[in-house]
């Protein structure tokens, strides 16, 4: 396999993986947001109905209590997992990978045979994009206090930012 085919395979694989995960994250975030709204609305309707049955009053309060707890739990999951931000990060990385792949394909059809030196800048940007994805998880580890080091990608990024 030559360098072009290898880089093209890396990009295609990364694009497919990010596209798949982005879709899953988008659907999960949407489902959690909608469920919080539905549970909250249901609880409000149960508490707001004015029926003259004493059994309904006690029953609706208990159900509303459970729905309120469920809404709080789902809201906590949304805050804990931070799905919206992770989904958007995946989307940005996916778009950048697609553009990088388009650039690679353009170089291929532009005419001249591609040397390894022609492909190095694209490969370097690919590695940087994959590093951004890893930096997100490293930030999560550091935020939770479970990681002692930010890893080589974050160290290089910090050195770059300090310069």
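Would it be correct to say that residue 60 is in contact (Cβ under 8 Å) with a residue 24 or more places away in the chain, out of contact with any strand residue (DSSP E or B) (no Cβ under 8 Å at 6 or more places or on another chain), surrounded by 15 or more Cβ atoms within 10 Å (Cβ to Cβ) and assigned to a helix (DSSP H, G or I)?
Working: in contact (Cβ under 8 Å) with a residue 24 or more places away in the chain: no; out of contact with any strand residue (DSSP E or B) (no Cβ under 8 Å at 6 or more places or on another chain): yes; surrounded by 15 or more Cβ atoms within 10 Å (Cβ to Cβ): yes; assigned to a helix (DSSP H, G or I): yes.
Against the criterion (in contact (Cβ under 8 Å) with a residue 24 or more places away in the chain, out of contact with any strand residue (DSSP E or B) (no Cβ under 8 Å at 6 or more places or on another chain), surrounded by 15 or more Cβ atoms within 10 Å (Cβ to Cβ) and assigned to a helix (DSSP H, G or I)), residue 60 does not qualify.
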Legend entry - Test: residue in the stretch 84-104 that is part of a helix (DSSP H, G or I), free of Cβ contacts under 8 Å to residues at least 40 places away in the same chain and within 30 Å of residue 40 (Cβ to Cβ): yes
Inset, instruction - Please work out which one of (1) modelled with pLDDT of 85 or more; (2) loosely packed, with under 13 Cβ neighbours inside 10 Å; (3) over 30 Å from residue 9 (Cβ atoms) is the condition residue 52 fails and give its number. - result: (1)
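On the given criteria, is residue 32 more than 24 Å from the chain's Cα centre (by Cα), surrounded by 15 or more Cβ atoms within 10 Å (Cβ to Cβ) and under 20 Å from residue 71 (Cα atoms)?
So residue 32 fails the test.
The values are calculated or read from the model by the stated rules, or taken from the named source; none is laboratory data. Keep in mind it's a predicted model, so treat the numbers as computed, not measured. Positions of Cβ are backbone-derived with ideal geometry, glycine not excepted, and every protein chain shown enters the neighbour counts.
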